[in-house]
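Report on one structure; see the data block that follows.
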Amino acid sequence: MAIAKHIVEHEILGVQDSDALAETFAQFIIGTKAVILATTHSAGQFALATDTGYLYFDDGDSWHQSGVKFVDGAGWDMGAIQDSSPIGITDEYISDKTLYDVVLSIYNNFGDSDTPIGAIQYNADDTPDSLQVYTDLGVANVPIDIAYLTGDYTHVVNNTTISIRSGNSLDVGLNGIPIVQEYSVDMGAFPYPTSIDGGTF
Amino acid sequence: MATYYISTSGNDTTGDGSSALPWATIAKAHTSATSGDTIILKSSASSYLFTGMSIAKTLIFEGESTDYTQQVISGGGLTAQWTYTGAYEITFKNIKIENILSPTSVNTKAIFFRNGAGPVGLRFINSRMTNFTIDKESNSGGLFCTISASSVLELTRSVIDDFDQYTSTTDSALFYHRVGALNEIIITDSIITPKATGTSAVYNVFAFLGSTLREIEAKNLIINATGDAIAWVSGTFTTTDVTYSDFNNVTSSPSGTGNLTSDPLFVGAPAGNFNLKSSSPCRGAGIIP
């Protein structure tokens, strides 16, 4: 009935739309954000804010704003199915976007304020910066700056490059022995060579 | 930035500074190079000569071999000084420098000296500065002295040892900095050990007079005074971050996480053997630098 009423008002009676009026197609509203938020609540209403580009849903008590803006369809394919130049956000992908403060994980409970297990974050507050994963034991650092070096992998600890396999640094002391040996460090410039315990005879 | 070569068998006249036709002297290399260049000292059983020079460029002197004993610069027991003429930095890498006497002329008594605007820098990387004598006069002198210049001193995996002073002076210092805006010292995995003599023992490691900012960061440093004690500093540091270091017989040594005041138990320090004995308290007591 609302659709029929609209047709009568706009095509038969010549009612002019104005910026102050919100057009209503059944339960879909197009108008500014302020107009939308001022509209009487009715569960099931949807709205598109022409000034902010956000979509809104009315649960009968309050409006809920979508997290995604409505994207101008310039350059899109005709028809309902978009199968070329997938730039933007759809229900299957996000592309050509920069994500800030985003948690990548599966929520145990939607809307839970606790950090979800499996969340990944880049922590620039640490020195040096760190990549962290949130587990059930808390936040765990993920080694970064890992490089492949002739049959071995190395990583950087406190600006010192260390072999992951041996725990030895590439830098050596004045006696030619690595400054770091099996992640242990001696004071001074002449590291004591790591001993291998051959047991007793 | 270019790389030039010198060799004890090179020739300053016919050489061109290439690896195939190296020059012979440090002075020739300094004259021919431009700031930022690297001078490679080819390995040799003979020594390069450390003579007086006015530093007018930022240069890196690097030994061809990672074994610092293969590239030796010797003062021959004579008096010599490198005088900075401006804001320049000198780096020694994989080099042993030995047997130098600091000048005794008034107002200029350090081996590496700057009186004027800076900043200036002196860096030792995988190197050893040994067997030298310093003097002190009017709050100057030492191994590295700056007056009115900001400076940076860096020791990385290096040793400064077997040094003393001409006369008994109770405020002499190895490193003297006077009236500079910022004096920054960074020491990692290094050893400082003076000669074990009596009245000729150098009194302080560092001395400051009138400098605005005096910052030090040190890790895995060993200072070992086997004879008379050496004091940590005359004056004060504005920022001290010294950790995992050992100060044996060092007066007023800095406190910090992991610091020790024990005999490091070198295998044979008087003979220049600074390897640690198996029972050394310094084993495993450092931190990844």
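The values are calculated or read from the model by the stated rules, or taken from the named source; none is laboratory data. No experiment lies behind these values; they were computed from the predicted model shown. Positions of Cβ are generated from backbone atoms using ideal geometry, with glycine treated the same way; all protein chains shown enter the neighbour counts. These accessible areas exclude ligands, DNA and RNA; they are computed on the full protein's heavy atoms, side chains included. Shrake-Rupley method; radii C 1.70, N 1.55, O 1.52, S 1.80 Å.
One quarter of the convex hull surface, Cα atoms only: what value does that give for the range B:1-153 in nm²?
8.3 nm²
When only Cα pairs under 8 Å and 6 or more residues apart are kept, what is the percent relative contact order across chain B?
It rounds to 10 percent for chain B.
Post the alpha-carbon centroid distance, the range B:175-191 to the range B:100-127, in whole angstrom.
12 Å
Out of the DSSP beta bridges found with both residues in the range B:151-289, what percent are antiparallel (nearest 5)?
Restricted to the range B:151-289, the bridges split so that about 5 percent are antiparallel.
Using only the alpha carbons of the range B:162-289, what is the convex hull's orientation-averaged projected area in square nanometres?
Mean orientational projected area (the range B:162-289, Cα hull): 7.5 nm².
Ordering A:ASP136, B:ASP228 by how much accessible area each has at a 1.4 Å probe, largest first, what is the list?
So, going from the largest accessible area down, we get A:ASP136, B:ASP228.
What are the radius of gyration and Dmax of the range B:16-106, computed over its Cα atoms and given in Å?
13.0, 43
What's the magnitude of the charge dipole for the range B:1-126 around its Cα centre, counting Lys and Arg as +1 and Asp and Glu as -1 at the beta-carbon? Answer in Debye, nearest 20.
For the range B:1-126, the charge dipole is close to 320 debye.
Magnitude of the Cβ-charge dipole of chain B, K/R +1 and D/E -1, about the Cα centre, nearest 20 debye?
Using only the charged Cβ atoms, the result is roughly 80 debye.
Assigning unit charges at the beta carbon (Lys, Arg +1; Asp, Glu -1) and nothing else, what dipole magnitude in debye, to the nearest 20, does the range B:128-234 show about its Cα centre?
60 debye
Could you state how much accessible area is buried at the B-A interface, both sides summed, with a 1.4 Å probe, in Å² to the nearest 100?
2000 Å²
For chain B, state the semi-axes of the equivalent ellipsoid (square roots of 5 times the eigenvalues of the alpha-carbon gyration tensor), sorted largest first and rounded to whole angstrom.
Whole-Å semi-axes of the equivalent ellipsoid: 30, 22, 18.
Keeping all protein chains in the complex and leaving out DNA, RNA and ligands, what accessible area do you get for A:ILE179 with a 1.4 Å probe, in Å² to the nearest 10?
About 10 Å², ignoring ligands and nucleic acids.
If you take every DSSP beta bridge fully contained in chain B, what fraction is antiparallel? Give it as a percent rounded to 5.
In chain B, DSSP labels about 5 percent of beta bridges as antiparallel.
Residues with amide H under 5 Å of B:THR58's amide H, sequence separation 5 or more or different chain, H placed in the peptide plane at 1.01 Å from N; which?
So B:THR58 has HN proximity to B:SER35, B:GLY36, B:GLU89.
Tally the DSSP beta bridges in the range B:25-148 and give the antiparallel ones as a percent, rounded to 5.
Once the DSSP bridges in the range B:25-148 are tallied, antiparallel ones form about 5 percent.
With no solvent and one point on each alpha carbon, what is the Debye value of log10 I(q)/I(0) for the range A:133-174 at q = 0.25, 0.29 Å⁻¹?
Results for the range A:133-174 at q = 0.25, 0.29 Å⁻¹ read -0.84, -0.98.
Can you list residues from other chains, or at least 5 along the same chain, whose modelled amide H is less than 5 Å from the amide H of A:TYR54?
Hits under the 5 Å cutoff: A:ALA49, A:PHE70.
Using the Karplus equation 6.51 cos²θ - 1.76 cosθ + 1.60 (θ = phi - 60°), what ³J(HN,Hα) coupling, rounded to whole Hz, does each residue of the range B:80-86 give in order, writing x for Gly and Pro?
7, 8, 9, 10, 6, 9, x
So how far apart, in nm, are the two label points at A:ASP61 and B:SER65 if each is 7 Å from Cα heading toward Cβ?
So the two model labels end up 8.3 nm from each other.
Stretched out fully, how many nm does the piece from A:ALA147 to A:THR194 gain, at 0.36 nm a residue minus the Cα gap?
Difference between extended and current length: 14.5 nm.
Residues of the range B:115-132 with backbone nitrogen within less than 15 Å of a virtual label 7 Å along the Cα-to-Cβ line of B:THR212, please, listed as ranges.
B:117-120
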